[in-house]
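Bear in mind these aren't lab numbers, they're just calculated from the coordinates by the rules spelled out. This is a predicted model, so every value here is computed, not measured. Counting neighbours? That spans all protein chains shown, and the Cβs are built from the backbone with ideal geometry, glycine included.
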């Protein structure tokens, strides 16, 4: 199946700093990637849809100026959490659509802890 | 938008027994229904999926059924093993763009 990687796997930062998370499709090209957030013992909540070469589409309630998404190539999307606060601490997971179409393959996730 | 409900939230079964998880969806236009297994701290792994033109699909011990009229679909795991213990999520596409809406998850515990 399709392989999706994420980096870093774990990050601890101070409140007020920014953190960048990378999501890569390793063996296929992904015109569309998705970013999810998952709090402990909860489901995956879609934050935004990342489209290569165009602006991301954010879900209702997600601040686009706080969660910056860039999808500059067919294999890389980045999520930057700006001015992070403790309530942003969560498990951030990306996914990419492989083949057949509609099948989403997930990255291993990034655990963010904001102190 | 799409709304997916999943039941039960927890399920404890004896090894060898079957496990059934049920989901309902709200958007009649949804046409793709994957199931993911997530172990603690790991990524969700696709275990089976079904499209709206099919009523049932089976892969070894795992099967999924879809009732489009009633807008519900179910995951069946037979001959459960301890390694089946995990959280299982159902999902449905919510229209254009292949966006998935996830159910709340079912924590399955298979007791040896």
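Values for this structure:
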read-out: Highest-fluctuation residue, B:45, B:14, B:60 considered, GNM on chain B with Cα pairs under 10 Å; value: B:60
read-out: Overall form of chain A per C-alpha gyration tensor (a/c, 1.5; a/b vs b/c); value: prolate
read-out: Cα gyration tensor, the protein assembly as shown - rounded (a/c under 1.5), prolate or oblate; value: prolate
read-out: Segment B:23-102 shape via C-alpha gyration tensor axes, a/c threshold 1.5; value: oblate
read-out: Relative exposure of B:76, A:71, B:7, judged by other C-beta atoms within 10 Å (fewest first); value: B:7, B:76, A:71
read-out: Average partner coverage of B:40-47, which counts Cβ from other chains inside 10 Å; value: 5
read-out: Net length gained if the chain between residue B:78 and residue B:18 were fully extended (0.36 nm per residue, minus Cα distance); value: 21.2 nm
read-out: Label-reachable residues, segment A:4-31, where backbone N falls under 19 Å from a point 7 Å from residue A:87's Cα toward its Cβ; value: A:13-19
